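Working notes, structure below.
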């Protein structure tokens, strides 16, 4: 079992624009032609921040519009937020706040031996990293630059905190996938 951050980022290191748009991402390729399907088969539980959850509501589920889709995850999903998040009918969404360590323990139990996916939010991923709970970063680097936006991982990683590059793979004309092992360190 691993705790993984799987995401896409621009060449200059942003996962979304300043206003949380992902419009830059979709023209670069089809997610089903990347490592995502194989990655997702091994996911047993997810965690995401409120910005990612809100994006999913607005752009995928679209409640009360009649034009959206169902919640795409059957796995339990913990949503970290300091405010109340709307529920989604039929989805196993668990709002939480505070320290990621007890939530990680709950996720591990719920995942049944499968991997944990920290879906989005560089700061949330940083909290798992700070707690010594992140094992791997898998990033699809897109062939675009945004100039500004939401950073991939707003942390400084040097020395004993360095990432170890495990593999590089090309997916179509738009993506290079980088896989990094995170050097585990004791939680602060």
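Key figures for this structure:
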| item | result |
| --- | --- |
| Some residue of the stretch 9-25 being surrounded by 20 or more Cβ atoms within 10 Å (Cβ to Cβ) and farther than 26 Å from residue 143 by Cβ | no |
| Residue tally, condition crowded, with 17+ Cβ neighbours inside 10 Å and either over 13 Å from the mean Cα position of the chain (by Cα) or at positive phi (or both), over the stretch 136-151 | 4 |
| Of all residues in the stretch 146-186 being closer than 12 Å to residue 8 by Cα and assigned to a loop (DSSP other than H, G, I, E, B), the one that is modelled with the lowest pLDDT | 174 |
| Hits in the stretch 90-130 (condition: over 25 Å from residue 156 (Cα atoms), in contact with a strand residue (DSSP E or B) (Cβ under 6 Å, 6 or more places away or on another chain) and assigned to a loop (DSSP other than H, G, I, E, B)) | 112, 114 |
| Scan of the stretch 76-89 for residues that are over 23 Å from residue 1 (Cβ atoms), touching a strand residue (DSSP E or B) at 6+ places or on another chain (Cβ under 8 Å) and touching a residue at least 24 places away in the same chain (Cβ under 8 Å), ordered by number | 81, 85 |
| Test for residue 5: is it more than 17 Å from residue 174 (Cβ to Cβ) and part of a strand (DSSP E or B) | yes |
| Meets criteria (surrounded by fewer than 16 Cβ atoms within 10 Å (Cβ to Cβ), touching a helix residue (DSSP H, G or I) at 6+ places or on another chain (Cβ under 7 Å) and touching a residue at least 24 places away in the same chain (Cβ under 8 Å)) for residue 63 | yes |
| Positions within the stretch 89-126 being more than 14 Å from residue 51 (Cα to Cα), at pLDDT below 95 and in contact with a helix residue (DSSP H, G or I) (Cβ under 6 Å, 6 or more places away or on another chain), in sequence order | none |
| Residue, farthest from residue 19 (Cα to Cα), within the stretch 90-112, restricted to residues that are without any contact (Cβ under 8 Å) to a residue 24 or more places away in the chain and exposed (fewer than 15 other Cβ atoms within 10 Å of the Cβ) | 109 |
| Matching residues in the stretch 32-55 - criterion: being over 21 Å from residue 85 (Cα atoms) and either assigned to a strand (DSSP E or B) or under 14 Å from the mean Cα position of the chain (by Cα) (or both) | 36, 39, 40, 43, 44 |
| Breaking point among (1) part of a loop (DSSP other than H, G, I, E, B); (2) within 24 Å of residue 58 (Cβ to Cβ); (3) in contact (Cβ under 8 Å) with a residue 40 or more places away in the chain, for residue 133 | (2) |
| Failed condition for residue 28, given (1) surrounded by 17 or more Cβ atoms within 10 Å (Cβ to Cβ); (2) within 23 Å of residue 115 (Cβ to Cβ) | (2) |
| Residue match in the stretch 41-60 (condition: at pLDDT 95 or above, touching a helix residue (DSSP H, G or I) at 6+ places or on another chain (Cβ under 9 Å), surrounded by fewer than 20 Cβ atoms within 10 Å (Cβ to Cβ) and at negative phi) | yes |
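The values are calculated or read from the model by the stated rules, or taken from the named source; none is laboratory data. Just so you know, these numbers come straight off a predicted model, no measurement behind them. Neighbour counts are summed over all protein chains in view; Cβ atoms, including those assigned to glycine, are modelled from backbone coordinates with ideal geometry.
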